[in-house]
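Trainee: Got a structure for you, written out below as structure tokens; questions coming shortly.
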Amino acid sequence: MTNCYYCKIPIKKLPFKCSFCGKYYCPEHRLPENHNCRGLKEYKKQRHEKSGKHKRSWDYMGGKINGIRKKEEDKQINVITKKKNILRRITNFIKYKLIPRNIRNWIRRSPKYLIQNILFLTIYGLIALMIYQNIELINTIIDIPLIKLGSLLLFIITFLFIKRIYWTLKSIGYLYNKQITTNQRIILLIILVVLTVYIYNNQKTYIPQIAGYNTSIEYEKFNPLIINISEIGEKVSEWAAGEPENMNRDTYNIELLVFRETNKIRRNYGQKELIWDPLLADIARQHSLEMAKTGHFSHFNIEGEDPTERAEERGYETITRKGYVYEIGIGENIGLMPKGNVEGYGQISSNQDVAEAMINSWMNSLGHQANILNGEYEFIGVGVVYDPKEEYYYLTQDFK
């Protein structure tokens, strides 16, 4: 016979077994007020905090509720998940809840959306025009292997411009079909017919202008990649040479611009491109430095040495073999270019302005032009030095 755990008296009737602690009690001591085991206390406490609608597993040995522990772990996991997805939820709320689909479609088809598209078209057009006009300068700001920065920016802006044209035409088409009355359509058609007749009657004036504008566009500026073998060769020569030590960044940039402009002119005249020679460039740079220091502007230095003698003094090989013929000598162009407003060349302020003005000046001189277009030359070196007192650039081109 089983004894009551509370009063220790044998239980004559049916015993009561506690479902929390597993011990046996008599009918008199089985009520909650007389029996308060640890598991029952936890159960009462849980019922006061929240009504128990879910099943909970109990740890009878330790007196801890596994269900509560699991619920706390789930809460921590949910908090981490919510933090990770908060940005996605905000985006979805704005996209799908804050602005319903029918309102989004109405915005796209409203006159305000058409005005917005026209505004973006104007902005993109102005940005594209500014990049197009200064593309050579932008291309020289950052040297990226096989990529022209200015052309890449121009290509992206042009793509956005064309995309915005598509949406603008789509908005105009919807407004024309859905929101414009028949009378308004008739007026638009009349205006279109009048414009067509006017252009037709004045085609000799407008059509050549349009054709001239179309042919004046340099489409190669829209190509962001260097796919021309000669341009790749120029880049490789520049990277292989590297920037000289203790060199002014602006003057070195002008040297590279002069080098590129020279090869561009040679290509236009059907001549092969020249190869950048670092030692020849250093020889040219030293001559420009000496002219800037002494003010002696000449192909001969103050010791009376000509370009070939100066090169040989530096250990440069001046003999070139052409089949069975040996040629000795270094060709040279020198020039002075001030900053500011220069007659015949306009305002000279940027590095690109200096390079283009100097090349144009040399091309207007038969002797200098002959050196630039000489098909026998294979190598080139350019040296530029700036005199801050006189505000003059001294430029030297040496050819071999």
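The values are calculated or read from the model by the stated rules, or taken from the named source; none is laboratory data. Because the structure is predicted, anything quoted here is derived from the model rather than measured. Neighbour counts run over all protein chains shown; Cβ positions are idealised from the backbone, glycine included.
Trainee: Of all residues in the stretch 341-360, how many are touching a residue at least 24 places away in the same chain (Cβ under 8 Å) and farther than 25 Å from THR294 by Cα?
Mentor: Matching residues across the stretch 341-360 total 3.
Trainee: Continuing with the same structure: I'm trying to understand the selection: among the residues of the stretch 287-305, which are farther than 12 Å from ASN333 by Cα, part of a loop (DSSP other than H, G, I, E, B) and of a type in the set (Gly, Ala, Ser)?
Mentor: If the condition is that a residue be farther than 12 Å from ASN333 by Cα, part of a loop (DSSP other than H, G, I, E, B) and of a type in the set (Gly, Ala, Ser), then GLY295, GLY304 are the ones that fit.
Trainee: Next up: Could you say whether any residue in the stretch 140-152 is at pLDDT 70 or above, assigned to a helix (DSSP H, G or I), out of contact with any strand residue (DSSP E or B) (no Cβ under 9 Å at 6 or more places or on another chain) and not assigned by the TED database to the domain that holds ASP250?
Mentor: Yes: one or more hits.
Trainee: Also, I was wondering about something else. Sort out which residues of the stretch 346-400 are of a type in the set (S, T, N, Q) and assigned to a strand (DSSP E or B), and write them in order of number.
Mentor: The initial filter retains those residues of the stretch 346-400 that are of a type in the set (S, T, N, Q), namely 347, 349-352, 360-361, 364-365, 369, 371, 374, 396-397.
Listed by number, the residues that qualify are GLN347, THR396, GLN397.
Trainee: Here's something else I'd like to know. Out of the residues in the stretch 261-282 that are free of Cβ contacts under 8 Å to residues at least 40 places away in the same chain and assigned to a helix (DSSP H, G or I), which is surrounded by the most Cβ atoms within 10 Å (Cβ to Cβ)?
Mentor: ASN263
Trainee: While we're looking at this one, here's another question. Checking the conditions here, which among ILE275, ILE319 is more than 13 Å from VAL382 (Cβ to Cβ) and in the same structural domain as GLU378 (by the TED database)? Full working, then the answer.
Mentor: Working: ILE275 fails: more than 13 Å from VAL382 (Cβ to Cβ).
Only one candidate qualifies: ILE319.
Trainee: Consider MET363 against the criteria (1) closer than 19 Å to PHE300 by Cα; (2) touching a residue at least 12 places away in the same chain (Cβ under 8 Å): it satisfies all of them except one. Which criterion is unmet?
Mentor: (1)
The rows are residues; the columns are (1) touching a strand residue (DSSP E or B) at 6+ places or on another chain (Cβ under 7 Å); (2) surrounded by 15 or more Cβ atoms within 10 Å (Cβ to Cβ); (3) not assigned by the TED database to the domain that holds GLU309.
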| residue | (1), (2), (3) |
| --- | --- |
| ILE330 | yes, yes, no |
| GLN347 | yes, no, no |
| VAL354 | yes, yes, no |
| ASN360 | no, no, no |
| ALA370 | no, no, no |
| GLY375 | no, no, no |
